[in-house]
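Visitor: This is the structure I want to talk about, given as structure tokens.
What follows draws every value from the coordinates through simple rules; no lab data is involved. Bear in mind that the values here come from a model prediction, so they are computed numbers and not experimental data. All Cβ positions, glycine included, derive from the backbone under ideal geometry; neighbour counts span all protein chains shown.
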Amino acid sequence: MNTPIKLKPGDARYPGISVQDLLDRDSRVVPNYLREQSYSFLGDEDIPYSRYTSPEFHDLEVKHLWPRTWQWACREEHIPEPGDYHVYDIGPYSVIVTRTESGAIQAYRNSCMHRGTKLKPSFSSGHGMSLRCPYHGWDWRLDGTLKSFPCEWDFPHVNPDDVGLSRVRAECWGGFVFINLDVNAKPLQEWLEPLPAHVQSKTFENRYISHHVQKELNCNWKIASEAFLEAYHVMETHAQLMRTNGDANTQYDIYGDYVSRLINVAGIPSAYCMEPQSEQDILDLFLVGDRSQVSERLTVPKGGTARAVMAQFFRDSTAKAGSDLGAVSDSEIVDSIAYFVFPNQQFFVGLTFPIVYRFRPLGLHHNRTLFDLILLAPRPKDGTVVEPAEPVWLKAEESYSTVPGMDPYVGHVFDQDTGNMQAAQEGAQTALKGGATLANYQEIRIRHFHQTLMTTIREGQEKEGS
Ligand code: FES
Ligand SMILES: [Fe+2]
């Protein structure tokens, strides 16, 4: 009798078809970045619930996490002209991102150098050729230098050169403006590695925000973020997706300290879908929501796959709009390929589902979150400028399907995701068990995130103590 091979923790995988098997069958050459796998076992101890439920832990994040990490604050097209500004808020911190007269993007703490008043309201945006405090009228040029202040005779002790606005780091990638309150932070490009090596910046630069939803959630921001780091929940939370989406065979990769990735395949049934599905069944089910507008009935040729037909359909439709996707792999068209960037953001690089997430504590609450969901669309080829969509704000109980222009089918999926979050928060609060037990493989991105979270907080505490 054969003795079963004993696997080391983390080595077990779903025994059926893998993402890499599917990539072998792609109708195009699949780029190398999708061919690599980058997993390591990081331990299997529980993640303490107190990280989600304790106001003290929230305070540690306010002190040591948010002021030391890169976060996307807005898109470059939010501030196209000199004098345009956009305010980004995270916990107690508020940052003004502006475009100076030279066209450069700069960011400042949203705080007056006189008595600290916020120069611009939170969550606001607008235009002005100086940044003027609404209280006593101190006024700064867009480059942050002090331009004027009333009753200068009464401030003989103030050297105007010493009261420039407090600079915040601002760097761009993919048309996103990222900020970091830590002026000594490592450059954004290093932080994002390997994302810029995998995906060209112009992939995102060539898009604009077609929809923007900001949803309040009654949970800690990490509970919200972590719901999108794994596909393990698909079979229970999104049972309707099981006939057209992989789940247990999703590939998870972790890179360095800050980035992780998920490749979730579409056009095959779930590993745990019991009903037999033909390729034609899968294709028919895939054409739901906005996709049901397709006039001709697509058919899978003998020996073909739903994935290949879907990908070709997308190539053909975009060709009509002037884009050539002839060499782009099926996977990059139909699959969900999502990069998480520490601490609170995810970028989907596939072509049919180009979305971006960001999660922030709402106000100063440890159990309230603001979830930004943006959908990106290709910029018109003729160079017509399209303004980014204004955010639609949803209360916790409101449905994504109420958002004008949003595909109700997609909206329903987000309702299912966000529908779990308050229960996850409240359950963590009432638990006798001390923490969350994670799957070794499918939830590795959550563990990887927590490892960097704790390192970041520890480093902050050490700096404070030194
Ligand atoms: S507080 Fe800003 S000018 Fe006085
Ligand atoms: Fe989900």
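Visitor: Where in the stretch 52-86 does the label zone of Phe123 land, with the point 7 angstrom along Cα→C-beta and an amide N cut-off under 16 Å?
Guide: Of the residues in the stretch 52-86, 74, 86 have backbone N under 16 Å from the label point off Phe123.
Visitor: Loop only by DSSP, 15 or fewer other Cβ within 10 Å of the Cβ. Give me the GluC sites (Glu not before Pro) in the stretch 50-152 that pass, ordered by residue number. Intermediate values should be presented prior to the final figure.
Guide: Details: sites: Glu56, Glu61, Glu76, Glu77, Glu101, Glu152; in loops: Glu101.
Those that pass, being in a loop and sparsely packed, are Glu101.
Visitor: Please give the charge dipole size of the stretch 217-320, origin at the Cα centre, charges +1 on K and R Cβ atoms and -1 on D and E Cβ atoms. Round to the nearest 20 debye.
Guide: On the way: 9 positive and 13 negative charges, 72 e Å.
So the magnitude is around 340 debye.
Visitor: Still on this structure, I have one more. Rank-order 240-249, 376-385 by packing density, defined as the average count of other C-beta atoms within 10 Å over each peptide's residues, highest first.
Guide: Working: 240-249: 21.6, 376-385: 12.0.
So the peptides 240-249, 376-385, ranked by packing, come out 240-249, 376-385.
Visitor: Apply the a/c threshold of 1.5 to the C-alpha gyration tensor of the stretch 71-184 and tell me whether it is rounded, prolate or oblate.
Guide: Numbers: a/c = 1.92, a/b = 1.74, b/c = 1.10.
Note, shape of the stretch 71-184 comes out prolate.
Visitor: Rounded, prolate or oblate: pick one for the stretch 14-155, where a ≥ b ≥ c are the square roots of the eigenvalues of its C-alpha gyration tensor, a/c under 1.5 means rounded, and failing that, prolate if a/b is larger than b/c, else oblate. Let's see the in-between values first.
Guide: On the way: a/c = 4.25, a/b = 1.85, b/c = 2.30.
Oblate is the answer for the stretch 14-155, as a/c is 1.5 or above yet b/c matches or exceeds a/b.
Visitor: Are there GluC sites (Glu not before Pro) in the stretch 269-366 that DSSP marks as loop and that have at most 12 other Cβ atoms within 10 Å, and which are they?
Guide: Values: sites: Glu279, Glu296, Glu332; in loops: Glu296.
Within the stretch 269-366, the qualifying GluC sites (Glu not before Pro) (loop, at most 12 other Cβ atoms within 10 Å) are Glu296.
Visitor: When only Cα pairs under 8 Å and 6 or more residues apart are kept, what is the percent relative contact order across the chain?
Guide: Values: 880 pairs, mean separation 103.0, N = 466.
That works out to 22 percent.
Visitor: Also, quick follow-up: Return the long-range amide H neighbours of Gln71 (sequence gap of 5 or more, or a different chain), with a cut-off of under 5 Å between placed amide H atoms.
Guide: Ile179
Visitor: Would you kindly state how much longer the chain becomes between Glu236 and Cys151 on full extension, computed as 0.36 nm times their sequence separation minus their alpha carbon distance, in nm to one decimal? Intermediate values should be presented prior to the final figure.
Guide: Values: separation 85, 0.36 × 85 = 30.60 nm, distance 6.58 nm.
That pair, Glu236 and Cys151, stretches by 24.0 nm at full extension.
Visitor: Whole-Hz ³J(HN,Hα) for each residue in the stretch 326-335, computed from phi via Karplus 6.51 cos²θ - 1.76 cosθ + 1.60 with θ = phi - 60°, x for glycine and proline: what do you get?
Guide: Those phi angles translate into x, 9, 7, 5, 4, 4, 5, 8, 9, 8 Hz.
Visitor: Can I ask one more? With charges only on Cβ, +1 for K and R and -1 for D and E, what is the dipole size of the chain about its Cα centre, in debye, rounded to 20?
Guide: Details: 44 positive and 60 negative charges, 55 e Å.
Its charge dipole is roughly 260 debye.
Visitor: In whole angstrom, how far apart do the alpha carbon centroids of the stretch 385-416 and the stretch 170-201 sit?
Guide: 27 Å
Visitor: So, one more: Read phi for every residue in the stretch 371-388 and hand back ³J(HN,Hα) as whole Hz from Karplus 6.51 cos²θ - 1.76 cosθ + 1.60, θ = phi - 60°, with x for Gly and Pro.
Guide: Values per residue, Gly and Pro as x: 9, 8, 10, 10, 9, 10, 10, x, 5, x, 5, 7, x, 4, 7, 10, 6, x Hz.
Visitor: Using modelled backbone amide H atoms (1.01 Å from N, in-plane), which distant-in-sequence or interchain residues come within less than 5 Å of Val168's amide H?
Guide: The answer is Ala107, Tyr108, Arg109.
Visitor: Within the set of other residues whose C-beta is less than 15 Å from the C-beta of Ala104, count the net charge using Lys and Arg as +1 and Asp and Glu as -1.
Guide: Details: positive: Arg99, Arg141, Arg167, Arg169; negative: Glu76, Glu81, Asp84, Glu101, Asp143, Glu171.
Spelling it out: positives minus negatives among the neighbours equals -2.
Visitor: Now for a separate question. To two decimal places, what compactness ratio does the stretch 135-184 give when its Cα radius of gyration is scaled by 2.2 N^0.38 Å? List each step's numbers first, then the result.
Guide: Values: Rg = 14.7 Å, N = 50, 2.2 N^0.38 = 9.7 Å.
Normalised Rg, Cα atoms only: 1.51.
Visitor: Still on this model: What is the distance in Å between the Cα centroid of the stretch 314-354 and that of the stretch 17-96?
Guide: Using only Cα atoms to place each centre, the spacing works out to 18 Å.
Visitor: List the relative contact order of the stretch 186-328 as a percent without decimals, with contacts defined as Cα pairs under 8 Å and 6+ residues apart. Spell out each step's value before the answer.
Guide: On the way: 126 pairs, mean separation 23.0, N = 143.
Once normalised by length, the contact order is 16 percent.
Visitor: Could I ask something else about it? By what distance, in whole Å, do the Cα atoms of the chain stretch along each of the three principal axes, largest value first?
Guide: 90, 57, 40
Visitor: Work from the charge dipole of the chain (Cβ charges, +1 for Lys and Arg, -1 for Asp and Glu, about the Cα centre) and give the residue of Thr69, Tyr108, Ala439 farthest towards its positive end.
Guide: Toward the positive end, the furthest listed residue is Tyr108.
Visitor: Continuing with the same structure: What Cys residues in the chain have no fellow cysteine's beta-carbon under 4.7 angstrom?
Guide: Unpaired cysteines in the chain: Cys74, Cys151, Cys172, Cys219, Cys273.
Visitor: Using the Cα centre of the chain as origin and beta-carbon charges of +1 (Lys, Arg) and -1 (Asp, Glu), tell me which of Trp153, Phe342, Leu23 is placed farthest towards the positive end of the dipole.
Guide: Trp153
Visitor: Okay, next question. Just flag the GluC sites (Glu not before Pro) in the stretch 366-465 sitting in loop per DSSP whose Cβ has no more than 11 other Cβ atoms within 10 Å.
Guide: Details: sites: Glu397, Glu398, Glu426, Glu443, Glu459, Glu462, Glu464; in loops: Glu397, Glu398, Glu443.
Within the stretch 366-465, the qualifying GluC sites (Glu not before Pro) (loop, at most 11 other Cβ atoms within 10 Å) are Glu397.
Visitor: Follow-up question, since we're still on this one. Under the rule of at least 5 residues apart or a separate chain, name every residue whose amide H is placed under 5 Å from the amide H of Ala248.
Guide: Ala271, Tyr272
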